[in-house]
1. Tell me, yes or no, whether region 738-754 has at least one residue that is over 33 Å from the mean Cα position of the chain (by Cα), farther than 17 Å from residue 679 by Cβ and free of Cβ contacts under 8 Å to residues at least 24 places away in the same chain.
2. Based on this model, can you work out whether residue 520 counts as closer than 29 Å to residue 313 by Cβ and within 33 Å of the chain's Cα centre (by Cα)?
3. Looking only at region 758-778, decide whether some residue is in the same structural domain as residue 829 (by TED's automatic domain parsing), under 38 Å from the mean Cα position of the chain (by Cα) and more than 20 Å from residue 691 (Cα to Cα).
4. Return yes or no: is residue 284 within 30 Å of residue 121 (Cα to Cα), touching a helix residue (DSSP H, G or I) at 6+ places or on another chain (Cβ under 7 Å) and modelled with pLDDT under 95?
5. Are any of the residues in region 690-703 assigned to a loop (DSSP other than H, G, I, E, B) and in contact (Cβ under 8 Å) with a residue 40 or more places away in the chain?
6. So residue 703 passes all but one of these: (1) touching a helix residue (DSSP H, G or I) at 6+ places or on another chain (Cβ under 6 Å); (2) modelled with pLDDT of 95 or more. Which condition number does it fail?
7. Please pick out the residue among 109, 98, 59 that is surrounded by fewer than 22 Cβ atoms within 10 Å (Cβ to Cβ), farther than 17 Å from residue 294 by Cβ and touching a residue at least 12 places away in the same chain (Cβ under 8 Å).
8. Does region 727-746 hold any residues that are surrounded by fewer than 21 Cβ atoms within 10 Å (Cβ to Cβ) and closer than 20 Å to residue 788 by Cα, and which are they?
C-alpha cells in the first residue's frame, strides 16, 4: 500500500487510487468485467479467472481491493417455485445465506489465519479483500474459487444529454408531467382508479430526500403525524446519511419522484417507497451496490442487522450502469427468483446511430433494460442500443420518456434533466400500476414483463438488428401502461372504504389498513380518510389502526373475483394519560439531555432534565414503543427501545443499554485498575511501529491473534506490522488501517521523556496483558502529554482502555475498536474532549 510521503499521513481507502470512468448517471458502477488472465510463466497453472485490471493493479507491488467469488453458488430453483412474493423472497434469502455460510468458512478461516481483513457477501457468494500480488496468486490457486474481480469506483461524470439543463424550482402543479401522459398513467388513474396502492417500490440510487413534500406521504417509514421509522425502509451502506435518509447528489430523489411523486410528478403516486443508497455521492462502489442489493432482497434495520425478506419491495429501480460486466448478474437473478420486478437504465453512451452502446447491468439478458425517447417520440441520441456486448441479447427491453423529465430534487425543489436514468423510473412506476391493478402478477416477474412488452407500441427501427416488433433501438417499443393494465387478467376484488371518527364522523387520514391473508397488502388512508386496494380472491383479516384510536379488526372477509366491496370503518377515540420517568445511563446514573419519544405517534418528544427526569403529559391509551436517544457525546450509552402499555398514568425507569456494534461488542465505563508496564517496546520518534508477542491468544472480531503491532500513535493493529500510521479518523471506515484497537489514536511522538512498555499480571487462565504508553508527547505543538494503556483479558477476551493522564482541554484522539475490514466498529469518541484521568472503558465480547 502506498504511503503518502510526509510526516503526517492521511487515512485513505486504496480504491481512491483506482482509475475512474464516466458512466450513466447515476453513473452506476460499471462493475469490473472478468476474463481469464494468462498466468506468468513462473506461476502454477490456475483455473481461476483473474480480472486483468486486478493483475495490472498489483503487478508493480501495489495493492487493490477485490472480490473472491466462490465456485459453489446457491440453487434458487425451489425459491422460484414458491407461491407468492413473500414466500419467494424468504426462500431465496434462505438459500443464498445457507450456501454462503456453508461454503465461505474455509476461505474466511484461511484469510483470518493470514491476517487479511475481509467482508462477506451472500448475494454473490463472494468475499471482499485487499492485498497485493502474493495474495492474488495464492487465492488463484484455491480449488473453491471461481474468479477474482477487482472492485471498481466510477466517477459520476454526466454524459451528453444528462443534466443538460439544471434549473431547480420550488413549486409544482397538479398537471401531470409529459412523461406521465405519454405512457397514459393518468388514464389508468381515471379509468381504473388505480394509482399503485398496496405496492412497495424501491430504488438503488444516491438516496432520497424522504421529507420532500411530493414524497413524504408515500414513504413507508412515515408513521403519520410527523413521525418516521427508518428501520427496514431506508438503508445507507455508504455511511453518508447520519440520522435520517438523505440524498447528497439529487439523482435518487429525482428517480423516486418519477415513480411515486405526488401532484402529477409520479407515475404511481399511490404506491409506497423504500430506498437503498447504493452510491456514495459522485461515485458508486461495487461493495455499496452489493450491500444495497442484499438489502432489497432482505431489508434490515438502519444498522444492517435483523434482515426481514418478507418486507422486500415489489419493484426496484436501478438508474445506474456502466461497462460490460456480468458481475451484478447474480444479484439480478436473486431478485428475479425472489419475485422482485427490476428495471435498469440502458445507459447514456449512445450517439443515435452506433449499435452495441448499452451498458450493463441493463445490457444483460437477465435485466429489464430501458431506453429513452423525447416528447416528439424520437429516440434520445444518448440512449444505449443493442445488441448486448455481454451476451448478445436485445437491448433495451422497452423504452420510456427520458428527455427533459421534471421531477423532485433535494431541498424540496424540482428539476428537469435527461437520461435513460429518467426513463427507467417511468417503467418501474408503470409496473406498480400494473401490479396494483392485477395482483396476480405480484411476484411474477416474467408475467409482469410480458404484460408490459405485449402492450408496448412498436417502433420500426431495425438498423441495429431485430424486427419492427422488437429491436435493438426501442426494444419492445414505447411503454403504454394503460394498454398493459387493460389487457392484464385482473383476477381481483376491489375493496374501498372511508375511515372516520365514531363520534364526530370526521375523516381520519394516515390510518394504516393492514390486510393479512391470501394476498397481504398494507395501505393508508388519504387526506379524506379513504383507501382503495385490489386483492386476489381469498380470505382476509383487515386491521385498521391509527394513533389515538382503538384498533379494529374485521376478520374472515371472503373476497371473490371481480367483487366490489365497500368497507367503511369507524374508530373509537381512547383516553390520554401522562407518562413520567427517569433516564439512567449505562452504569445506572441519571442522565440529562436524553430525547424520550413514543415511536410512531404525534406525541412531542421531550428531553430529560439534570436529574434524568422526563414527562410526556398526554399519550393515548395503547401499546407503544418508548424510545430514548442520548445526546452527543453518547460514549457507551446505547439507544433504548421497549414496549410500553398505557392504560392509565404511567411511571417508568428508562435504563439505557450499553452501546453495541453489529458484531455484538459492547462498551461501558469500568473500575480503574492500572496494570504497570515492565518490558520496554523498541519504539521511538514520531512515526514508528513494532510487533509485540501476546502471552495468550486474543480473540478480536472472531479471529485469534498471538501478536499485535504497537504504534507510537496510540494504536494497536492486528493486521499490519508496518512502520508509521495514518491520521486518526472516525470509526468505522474501510480505509486503512483496519483491525485496530484505538487506545488513544492521535499524532503522538516519543522523546526522551516517553516510553512504551508491556506488562502481564495474573495466573494462567486469568491473565491481563497491558500495552502502556507513558508521558507520550501530543505532536500538535501544545506540549501536552498523555499516559494511557490497553489491557487485554485472557478470561473473556475483553479489552480495557485506561487513562492516567490526558490533556485538560481534551484532544482530537479516536478511541474505540474496529474490525478487520473497517465495516464494523464501536467508537467511544472521536475529536471530543471526553476522556478524564483515572477513567477506564471496557470493550466486551458479545453479551459478556
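The values are calculated or read from the model by the stated rules, or taken from the named source; none is laboratory data. Since this is a predicted model, take the numbers as computed values, not measurements. Cβ sites come from the backbone with ideal geometry, for glycine too, and all protein chains shown count toward neighbours.
1. Yes, some residue in region 738-754 is over 33 Å from the mean Cα position of the chain (by Cα), farther than 17 Å from residue 679 by Cβ and free of Cβ contacts under 8 Å to residues at least 24 places away in the same chain.
2. Values: closer than 29 Å to residue 313 by Cβ: yes; within 33 Å of the chain's Cα centre (by Cα): yes.
Criteria met by residue 520.
3. There is at least one residue in region 758-778 that is in the same structural domain as residue 829 (by TED's automatic domain parsing), under 38 Å from the mean Cα position of the chain (by Cα) and more than 20 Å from residue 691 (Cα to Cα).
4. On the way: within 30 Å of residue 121 (Cα to Cα): yes; touching a helix residue (DSSP H, G or I) at 6+ places or on another chain (Cβ under 7 Å): no; modelled with pLDDT under 95: yes.
No, not satisfied.
5. First, pick out the residues of region 690-703 that are assigned to a loop (DSSP other than H, G, I, E, B): 701-702.
Keeping just the survivors that are in contact (Cβ under 8 Å) with a residue 40 or more places away in the chain gives 701-702.
Yes, region 690-703 contains a residue that is assigned to a loop (DSSP other than H, G, I, E, B) and in contact (Cβ under 8 Å) with a residue 40 or more places away in the chain.
6. (2)
7. On the way: 109 fails: touching a residue at least 12 places away in the same chain (Cβ under 8 Å); 98 fails: farther than 17 Å from residue 294 by Cβ.
Every option except 59 fails the conditions.
8. 727, 729, 730, listed by residue number.
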